[in-house]
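The values are calculated or read from the model by the stated rules, or taken from the named source; none is laboratory data. All figures in this text were calculated on a predicted structure; none of them were measured in a lab. Here the Cβ positions follow ideal geometry from the backbone for every residue, glycine too, while neighbour counts run over all protein chains shown. Keep in mind that these areas ignore ligands, DNA and RNA; they rest on the heavy atoms of the full protein, side chains included. Shrake-Rupley method; radii C 1.70, N 1.55, O 1.52, S 1.80 Å.
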Amino acid sequence: MRQASNAELPAIVDLVVAEVSRVVEVARRLRDQVRDGSAKLESVEINSLVDASLQPLKDRIQRHGIAFFG
């Protein structure tokens with residue numbers, strides 16, 4: 001693993017902050033659903049679910065030479 005240069009650090013910190021904010025929002029929504037009882041079972045399109053789950057990682061995965069189909 002290479003070390004980031006000082007010039008890269010602000011972008012890296014911004015990325016970390018954005019990802020942490022995303023995780024906090026997901027946790028908040030899950031907590032709210034449990035609290036108010038609005039969580040329910042429903043049918044979902046599995047391909048869309050997988051695609052949405054991988055979306056934040058697609059750039060990183062592609063940089064490592066992994067191709068996506070579909």
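Listed values, structure above:
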{"item": "Three-way shape call for the chain based on the alpha-carbon gyration tensor, with the a/c threshold at 1.5", "result": "oblate"}
{"item": "Value of [θ]222 nm, deg cm²/dmol, for the chain, DSSP H segments ≥ 4, -39500 (n - 2.57) each, nearest 500", "result": "-20000 deg cm²/dmol"}
{"item": "Extended-chain gain in nm, criterion 0.36 nm per residue less alpha-carbon gap, ASP59 and VAL20", "result": "12.2 nm"}
{"item": "Simple spin-label estimate for SER43 and LEU30 in nanometres, 7 Å along Cα-Cβ", "result": "2.6"}
{"item": "Accessible surface, per residue, of the chain when the full set of protein chains is kept, probe 1.4 Å, Å²", "result": "95"}
{"item": "Using alpha-carbon coordinates, inclination of helix 9-36 to the longest axis of the chain, degrees", "result": "10"}
